[in-house]
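Please read the structure below before turning to the comments.
Just so you know, all these numbers are worked out from the coordinates, no wet-lab data involved. Since this is a predicted model, take the numbers as computed values, not measurements. Don't worry about glycine lacking a Cβ; one is built from the backbone with ideal geometry, like all the others, and counts go over all protein chains shown.
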Amino acid sequence: MSPSKPQAMLIDGKAIAQEITESLVHQVTQLKEKNITPGLAVVLVGEDPASQVYVRNKGKMAEKIGLHSVQHSLPAATSEADILARIEALNEDPSIHGILVQLPLPDHIDSAKVLRLIRPEKDVDGFHPVNVGLLATGLNDQALVPCTPAGCVTLAKHHRGDDLSGLEAVIIGRSNIVGKPVAQLLLQENCTTTIVHSRTKNLEQHIGRADILVACLGRAQFVKGDWIKQGATVIDVGINRIDAPEKGPGKTRLVGDVDFDSALPIAGAITPVPGGVGPMTIAMLMQNVVTAAQRLSKQ
Ligand code: GUN
């Protein structure tokens, strides 16, 4: 009998996210005893099906842990002025502690302008330049930190333990939503942090150095197993829908940015897609709403 191949540990984002949301229920109860119900407003513009699913899931989880949750669904043709007016009203609404504008917005809307208008104390996505600046200067305790990046670090620690000092972290992708903030967080954890992207030379060499690899470039199954360092912690942020003829004609399935099957025998641990980073994003969002409510109630 041949010895069985080593297999990466699966990092169960769903279970870890559930632990986090369960622990939030207690904090929500404490706030309610002071007559504060943390409130989340999600603004969705247009009918992008993926965004609709994400927004529905955020609303469902908010209700499950006892938050006040409202959804503002606006038609794709809504003017920028109308969206800005909506944000201003939410900024002033005392029942709302967290405002999230689902991205991407339609092309005729200046997303940066919309995000800049959100009161930083209610910016539960952590995308306002004030929160970006607080994160970049290490003042996380005063910031609201972007949800997916915070989830990635929590998942990496699940495999590596709390001390990530000195580890090589390589992030594939440089988006404002994931790549840049996850690099900031890993730098603060004392990782030697590298961001690689579409113009990087010798991409595979960089990837091969990573003890912690965060794939957030948005290309299905881009990272191959033989690029990965033996034993690496692989955090796969990608959610890509691909054809799955093996499931039947016209069928599709979700895959990450990492080629899971070839990574499995090489990585030390890997997040599955779905069930890895996705549920953590929602848990961290709930955490940010509770944190925002706690801070705003002290002002
Ligand atoms: N679209 C994709 N990811 C995100 C996210 O984390 N927040 C918002 N608001 N929109 C997104």
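Which ordering of Phe222, Phe127 is given by a fewest-first count of other beta-carbon atoms within 10 Å? Present the calculation step by step, with values, prior to reporting the outcome.
Values: Phe222 18, Phe127 23.
So the ranking, lowest neighbour count to highest, is Phe222, Phe127.
Count Lys and Arg as plus one, Asp and Glu as minus one, and take only other residues whose Cβ is under 12 Å from that of Arg209; the net charge is then -2.
Under a 5 Å amide H cut-off, with hydrogens placed 1.01 Å from N, Ile195 pairs with Ile171 among residues at least 5 apart or on other chains. Straight-line cross-link partners of Lys229 among the aspartates and glutamates, defined as a Cα under 13 Å from its Cα and at least 8 positions apart when in the same chain: Glu168, Glu204, Asp211. By the count of other C-beta atoms within 10 Å, a proxy for reagent exposure, Lys113, Lys251 are ordered fewest to most as Lys251, Lys113.
Taking Lys and Arg as +1 and Asp and Glu as -1, the other residues whose beta-carbon sits under 12 Å from that of Lys298 total +1.
Once the Cα atoms are used to define both axes, helix 13-33 deviates from the longest principal axis of the chain by about 20 degrees. Counting only DSSP beta bridges with both residues in the chain, the antiparallel share comes to about 10 percent.
Dividing the summed helix terms, -39500 (n - 2.57) for each DSSP H run of n ≥ 4, by the number of residues in the chain produces a 222 nm estimate of -12500 deg cm²/dmol to the nearest 500.
In terms of distances greater than 25 angstrom between alpha carbons, the cross-link table entries Lys5/Lys224; Lys60/Lys298; Lys157/Lys298; Lys180/Lys201; Lys224/Lys247 yield Lys60/Lys298; Lys157/Lys298.
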